[in-house]
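Have a look at the structure below, then the notes.
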Amino acid sequence: MSDQPSSSARSADRAGLFIALGLAVLALVVGWDAWRLASVNAHSAVGPAAFPTIIAAGLAILAVATAVEAIREGAIARPRDEAGPMVWVLAGLVGQIVLLPFLGFSIATGWLFAATARGFGRGPVWAHFLAGTVMCFIIYLIFAKGLQLSLPAGPLERLI
Amino acid sequence: MDTFAALGQGLFVALQPINLLFAFVGVMLGTAVGVLPGIGPALTVALLLPITFKLDPAGSLIMFAGIYYGGMYGGSTASILLNTPGESSSIVTALEGNKMARAGRGGPALATAAIGSFVAGTIATIGLALIAPTVVDIAISFGPEDYFALMVLAFTTVSAAFGSSVTRGLTSLFIGLSLGLIGIDLQSGQARLSFGVPDLLDGVEVTTLAVALFAIGETLSVCAAGSRAEEVIEPVKGSVFMNKEDWKRSWRPWLRGTVLGFPIGAMPAGGAEIPTFLSYALEKRLCKKQDEFGNGAIEGVAGPEAANNAAAAGVLVPLLTLGLPTSATAAIMLAGFQQYGLNPGPLLFTTNPDLVWGLIASLFIANGMLLILNLPLVGLWVRLLAIPRPWLYGGILVFATLGTLGANPSLVELGMLLVFGLLGYVLRRYDYPIAPVVVGLILGPLAEQQLRRALAISVGDPIVLFQSPIALTLYALSALALFGPLLFYLATGHRAPVGADED
């Protein structure tokens, strides 16, 4: 996301360094949890901490290996990714989570459909929102009534 | 022979009208999603898992197998007509197949892919039926330390086979293993990595992770690519039938592809990609019309497509006999078995013979259905390719969240879907393979269970892990899988050919 193709081939791959950092943090979290569990008295020969310890060690080694690779191989030119469309899709997903408890499955998921379509360059949002809501209402009828799946209901779903 | 009696019994199960219907729904769905760019068989099975929870196990597993085989067929259609492989095991098909379609020979390309897939799928399914009982007999004598070694082998081969480098493959695997730790440890009752969030105590659902990585991650990376990924659909011109010369040039590559695909798929190394690459290289070397290769040689479609389907059947050998998934789709099928309280492995063949043999028999039926349905319906599949992408991906996200909500109607679950979706995007963006994450999540807890069982028997002495000859052999193979590419590089000065990511 935040990588500019560098002009000098010898500078390290920044994305690779970030991933190495992420792996190191994950190794610390898993290792810390294993350390916490190791103090718990285990009844068997191998307690709940053994396997996490192995994984934490593996993650730490991979963090180092990723950092070494990033420095040795240098910056990699990647095609630029556009942020705008991604923001629309993410707004769709976050919006669905926010709307779901109040407005129910059909409206929340209709918004998701509209925002995704907009992210792929197809508008207008309101028309897709209406069409998406109708589509999701039909899906709700099929899955909640026909297959007895429990989907969150809102004002629209309570009409039936 | 017992095998044939068992298979006959299985055929009886598979031929029941309701199971035929499940197989039909499975192959239709599988082909449709295989054709659509962005959704592969792994995602489809993951989405259907929560919906099929209340159905009969045999029926839904037959449907999943139909999706699996159908996805392979559909993938070839997308590769040939669109030059965007629906899943990675069809990448090689796109090389020659799309050139043939551009030259107005799309029909014969689709036909050789379909018939080759049928031939290879049928031979490989016979292979599966013949080999499975033998593997079961061997596997019955495995101790927990052998199972642990087997899983280590699966881990290393899955990481080394997928993706652009071993470091990247292992990184994906360890992310999956870390996610597998989340939740209550069943032996000690301790909560691990759940940070006090009650929803995390049950662990991460395989379906949530798979749907997020495949559906959300893929959608994000496609929309971020923007106009970079424009596609042209090649219309199918002329006859879809192959002429005499096409047949003559196709049948040997079909058989060679089968011979390459089935054993590689059946090894705990798995994956359908490597045999397709090998088959392409082999056909290129053997082809008499060298100048046609790269410009639409039918051998370059026939061989890899056969290899692809033979490997798909091969992957079911370790899945059914050892409970060892070696591809993302197989990992999710394993989750499908677990949803019904069934554990694939040697015992399943004695406890649920009807189900296992019914499943194997239904593979023959699915294959036949695909051959009959595919060519006449090619017009329908082409129309699927023409769905505008904003609606296609909007629909994919609607069904992705529907499947997740259906499995567990909680906002935390949707939040995890979002977080793992972003993880999927980052993995794709920086060339990390997806399949090892899913395999790590599902196999990690099983590997830990076997490790602790082995160490409990030896009262904590780790020497027990390295005493059995079976385990030692498996460790040697793991080391070879990990360091093989490096040795290959040192010996020849060329980078070893590695497979692409599976979808």
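The values are calculated or read from the model by the stated rules, or taken from the named source; none is laboratory data. Because the structure is predicted, anything quoted here is derived from the model rather than measured. Counting neighbours? That spans all protein chains shown, and the Cβs are built from the backbone with ideal geometry, glycine included.
Numbers for the structure displayed
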quantity: Which numbered condition A:Gly92 fails, given (1) at the interface with chain B (Cβ under 8 Å from one of its Cβ atoms); (2) surrounded by fewer than 18 Cβ atoms within 10 Å (Cβ to Cβ); calculated: (2)
quantity: Count of the stretch B:401-431 residues which are outside any helix (DSSP H, G or I), at the interface with chain A (Cβ under 8 Å from one of its Cβ atoms) and surrounded by fewer than 18 Cβ atoms within 10 Å (Cβ to Cβ); calculated: 1
quantity: Test: residue in the stretch B:75-83 that is free of Cβ contacts under 8 Å to residues at least 40 places away in the same chain, out of contact with any Gly (no Cβ under 6 Å at 6 or more places or on another chain), of a type in the set (Val, Ile, Thr) and more than 14 Å from chain A (Cβ to nearest Cβ); calculated: no
quantity: Residue match in the stretch A:61-73 (condition: at pLDDT below 90 and of a type in the set (Ser, Thr, Tyr)); calculated: no
quantity: B:Val158 touching a Ser or Thr at 6+ places or on another chain (Cβ under 7 Å), surrounded by fewer than 24 Cβ atoms within 10 Å (Cβ to Cβ) and not hydroxyl-bearing (Ser, Thr, Tyr); calculated: no
quantity: Given (1) touching a Gly at 6+ places or on another chain (Cβ under 8 Å); (2) modelled with pLDDT of 90 or more; (3) away from chain A (no Cβ under 14 Å), number of the condition B:Leu170 does not satisfy; calculated: (3)
quantity: A:Ala91 within 28 Å of A:Gly16 (Cα to Cα) and assigned to a helix (DSSP H, G or I); calculated: yes
quantity: Odd one out for B:Leu209 among (1) in contact with a Phe, Trp or Tyr (Cβ under 6 Å, 6 or more places away or on another chain); (2) over 21 Å from B:Pro50 (Cβ atoms); (3) away from every other protein chain (no Cβ under 12 Å); calculated: (2)
quantity: Whichever residue in the stretch A:129-153 is among the small types (Gly, Ala, Ser) and not in a helix (DSSP H, G or I) and, among such residues, is nearest to the other protein chains (Cβ to nearest Cβ); calculated: A:Ser150
quantity: Test: residue in the stretch B:127-141 that is surrounded by fewer than 22 Cβ atoms within 10 Å (Cβ to Cβ) and charged (D, E, K, R); calculated: yes
quantity: Test result for A:Ala75, more than 7 Å from chain B (Cβ to nearest Cβ) and surrounded by fewer than 20 Cβ atoms within 10 Å (Cβ to Cβ); calculated: no
quantity: Residue among B:Ile115, B:Ile67 that is within 24 Å of B:Ala266 (Cα to Cα) and either of a type in the set (Ser, Thr, Tyr) or surrounded by fewer than 24 Cβ atoms within 10 Å (Cβ to Cβ) (or both); calculated: B:Ile115
quantity: Test for B:Ser227: is it at pLDDT 85 or above and not hydrophobic (A, V, I, L, M, F, W, C); calculated: no
